[in-house]
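Comments concern the structure below.
The values are calculated or read from the model by the stated rules, or taken from the named source; none is laboratory data. Since we're looking at a predicted model, the values are computed, not measured. Counting neighbours? That spans all protein chains shown, and the Cβs are built from the backbone with ideal geometry, glycine included. Side chains included, ligands, DNA and RNA excluded: accessible areas come from the protein's heavy atoms. Shrake-Rupley method; radii C 1.70, N 1.55, O 1.52, S 1.80 Å.
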Amino acid sequence: MRKRIAVIIGIFTSLLTMAQQPPTVIVDQKGVMRWSGTREEASFFGVNYTLPFAHAYRATGYLGIDRKAAIDQDVYHFARLGFNAFRIHIWDVEISDAQGNLIENEHLDLLDYLIAKLQARNIYTVITAQTNFGNGYPERNQPTDGFSYQYGKCDVHANPKAMAAQEKYLKALVNHVNPYTKVSYQADPMIVGFEINNEPCHSGTIEETKQYIDRMLQALKEAGNRKPVFYNVSHNLQNVEAYYATAIQGTTYQWYPSGLVSGHTRTENYLPNVDEYAIPFGDVKGFKNKAKLVYEFDPADILGSYIYPAAVRSFRSAGFQWITQFSYDPLALAHVNTEYQTHYLNLAYTPAKAISMKIAAQAAYTLPRNKSYGTYPANTRFEGFEVSYHNNLSELNTATRFYHSNHTQSMPVDAEQLESIAGVGSSTIVDYQGTGAYFIDKVEDGVWRLEVMPDVIRVSDPFAKPSLEKEVMRIYHGSWDMAVRLPNLGNAFTATGINAGNTMAQATTNGILAQLKPGVYLLTRQDCKPSRNWSGDSAFGNIRLGEFVAPKSSPVSFTIDHAPSKTGQANQSLTITATIAGNTLPDSVLIYTDQVSFWNDKNPYYKMERTRGYQYQAVILGSDLKTGAFNYNIVVFGNGHRLTAPSMVKQSPLDWDYTKAQFYSTQICESTDPLMLFTVSDTYSDLETYTLPEWKPVHRQVVAGGPTEKNTLLVSIPSGEGKLFLRKNVMGEIKNRLSDLNGANYLCIQLKSVQGVLEAGVVTSDGITYRATVVPNAEGLVRIPLNSLKQTQTALLPMAYPVFMNQYFNPTTKEPLKRDQIQMVELMVEGDEQKPATLEIGTIWME
């Protein structure tokens, strides 16, 4: 009897333990990732995050940052953004020796700590076991004894000694016991599986590639691993058959739809670029039996907040179940964005993009797998989601959730049923002038949690060359009124600060919280009797109510962010806007021109007025604008100090010792002046060149015109079939000359020579291209009637990664050219196999 009771107790204990264990993930015979218990489909969304390794590890050391504390901060933000997935490619050179032995050092300890902290927030992990390249970027590689340093990137997958080292390393890694979770990686239920290596290089045959994968799979099996094993299939397409001939259970892909490392912020419309994730090898035997994972994706070099949900829509339509962005910036480094220059994502420093990611997470969890939503622009609204390039907006609007990445006028589907709100800017239910993100979540009937992040202001282009000494974004803890219009709260409620050090308490009868500072607040309806005594330590989902993580406010008195208009029209007013932020509002903001001097008692100036939040504006009357350059400074006065932009010196141009004669400049044109779009300079950095169908080196050379002629630009690619594209964003040139644009009849190009078939035209902000064939003439000047431009396919440039992505977007409807939406001027030259595509041009304008 006792034995039977003991058995029953043992079974009960085992069942209880199993019930307490988080569900694991399996891959069924049809290649679908499912939860082990319910067999329901699994869906994951999150980020890559690399603080335990490489530059992020070193940079936090340079700055004296407690790395584990930094991990705690970032993992909390992952929870606030609703992520349930984390992927990392391990820098094996930092945790292995030359023979492939695993080295238990601080890098591995930080990874263990990170995995444990993620699991505490219900975030699952995929581990890519090795990168097989150096740990330097963006610095130089740091020497280690790791086995990958002994071989080339391709050789590491072919050399017998390298493969032996990898076998040893893989076995040790999956059996490594995490001291924080007390289980090995291969036994951890919240580690979904393992990717063998990051972006492998297979230069051998299909059979050799298969043999390598089989060998690594066997090593993992011998180590006792029973988790799914994944392999990258978006590289080395010549060997794609080998991947599906192995026993791997999942295949991994990446997507960089706007290319990589442009060196500047991209402002064009990239929704056509994420219209479809096309896989050209979908008919390969075995393809349909493998799970599909996105190990890395990011619309690189883009600060806009409109694109993440659209990319996820395309991923889900293609059947992906795991989607992880690359790469989230640690809070400790996000003010400088040094880890990966071309990527930039952080809740505090890129709040709009972060909220767009929160919206994208919900798209990943809720959109049906393999369902199509049509083509752009018809697919910008789907299942309660909306993306808008023109409004720089991602939005989720359902019965219980209302999320928006920018100002929106949308009405909630059902404000009475709302449970979760997240946003940047204002909406029909929240009016707020700060620039940071906020979250409002229902705790129970009449009780809500409000979290307000601090304001962030741009200092410099975050996608330009990085440095730990070059700040790109700056934080201020501004105080702003917030109007909250939630039926479940009503207009009369109290707000009580519950994060550490937050003693604010106020009541409102009109729904407006006055001078709200960053922090966490408990909002309680006036007539509500909460079911319990909620406090900052109370659990709420995967966070505590009082948790709050934000950078400190900048000590810099004022920040001025302003981009001058390139052109204006004589005798027509010019509006100048600027973002001006500080720890207090300025006393005044003035504009001085280059005509002022310190000895003049009657220097003219223009006063900038605050319109909302940190936004300031001044209107320069047309009578003050004459043909030529309008040069000016913006001067901020406050707290007994002054700051002059663009020189950013703590002086005024009226000071006797002011020596920084730097100005913003706008070229004022007569209505009869040509609408200049491009002129040849020594740098021509604003003209971008590309080639299709594959990347080819482009030769660019400024040809001196001599004493009487203007310079020209010679551009060419090697012989062979291919197209050469030249593009320039001209929105700055036409923004303030729309009346001149509407009166223009011709696109004019100084064309000195061309070899190949030349087409020229424009690309609009809708992503639609209009071109016409150009016939050279002896005059060296072609005038293309604007009414002769015909809609054609749009080249998706820069070229996306992986390289098998669609290279052209073909609109399904015909749209007339909208002149006020012209965004880029484009020239395309198609060569042939015998001769290179060559083009020599000078000025481009409209008249």
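The mean accessible area for residues of region 322-471, using a 1.4 Å probe and ignoring ligands and nucleic acids, is 30 Å² per residue. Of the whole protein surface, residue 442 contributes about 60 Å² of accessible area at a 1.4 Å probe radius. Taking Cβ separations below 4.7 Å as the criterion for a possible disulfide partner, the isolated cysteines in the chain are 528, 669, 748. For region 172-294, the share of alpha carbon pairs falling in successive 10 Å distance bins from zero is 11, 35, 28, 19, 6, 0 percent. For region 287-346 versus region 768-790, the inter-centroid distance based on Cα atoms is 39 Å.
For region 59-146, the solvent-accessible area of protein heavy atoms averages 33 Å² per residue (probe radius 1.4 Å; ligands and nucleic acids excluded). Taking amide H as placed 1.01 Å from N in the peptide plane, residue 124 has its amide H under 5 Å from the amide H of 85, 86, each at least 5 places away in sequence or on another chain. Classify region 446-549 as rounded, prolate or oblate from the Cα gyration tensor: take a ≥ b ≥ c as the square roots of its eigenvalues, call it rounded if a/c is under 1.5, otherwise prolate when a/b beats b/c and oblate if not. Cα axes put region 446-549 in the prolate bin.
Subtracting the Cα-Cα distance of residue 182 and residue 573 from their residue separation scaled by 0.36 nm leaves 133.9 nm.
Ligands, DNA and RNA left out, the accessible area of the chain computed with a 1.4 Å probe is 50% carbon and sulfur.
Accessible area per residue, 1.4 Å probe, Å², for region 158-271: what's the number?
Heavy-atom accessible area per residue stands at 35 Å².
The distance separating the Cα centre of region 473-548 from that of region 66-109 comes to 34 Å. Cross-link pairs exceeding 32 Å between alpha carbons, from the set 221/371; 288/790; 153/288: 221/371; 288/790. Over the chain, dividing the summed -39,500 (n - 2.57) contributions of all DSSP H runs of at least 4 residues by the number of residues returns a 222 nm mean residue ellipticity of -4500 deg cm²/dmol.
The Cα atoms of region 515-642 give a gyration tensor whose axes a ≥ b ≥ c have a/c of 1.5 or more with a/b greater than b/c, which makes the shape prolate. Using a probe of 1.4 Å on the protein chains alone, the accessible area found for residue 534 is around 50 Å². Close amide H partners of residue 572, meaning residues 5 or more places away or on another chain with modelled amide H under 5 Å apart, do not exist here.
The label-point distance for residue 407 and residue 537, in a model that sets each label 7 Å from Cα toward Cβ, rounds to 4.4 nm. Sequentially through region 701-717, phi angles give Karplus couplings (6.51, -1.76, 1.60; θ = phi - 60°) of 8, 7, 9, 5, x, x, x, 10, 10, 6, 5, 10, 10, 9, 10, 8, 10 Hz, Gly and Pro residues having no value and appearing as x.
Between residue 709 and residue 414, the modelled labels are 7.3 nm apart [label points 7 Å from Cα along Cα→Cβ].
In region 753-834, inverting the average of 1/r over every pair of distinct C-alpha atoms gives 14.1 Å as the Kirkwood radius.
A Förster radius of 41 Å combined with the Cβ-Cβ distance from residue 41 to residue 812 puts the calculated FRET efficiency at roughly 0.85.
Put simply, the convex hull of the Cα atoms in region 108-240 casts, on average, a shadow of 8.7 nm².
Quick one: of the DSSP bridges fully inside the chain, what percent are antiparallel, nearest 5? Of those bridges, close to 80 percent are antiparallel. Classify the chain as rounded, prolate or oblate from the Cα gyration tensor: take a ≥ b ≥ c as the square roots of its eigenvalues, call it rounded if a/c is under 1.5, otherwise prolate when a/b beats b/c and oblate if not. Oblate, since a/c reaches 1.5 and b/c is not below a/b.
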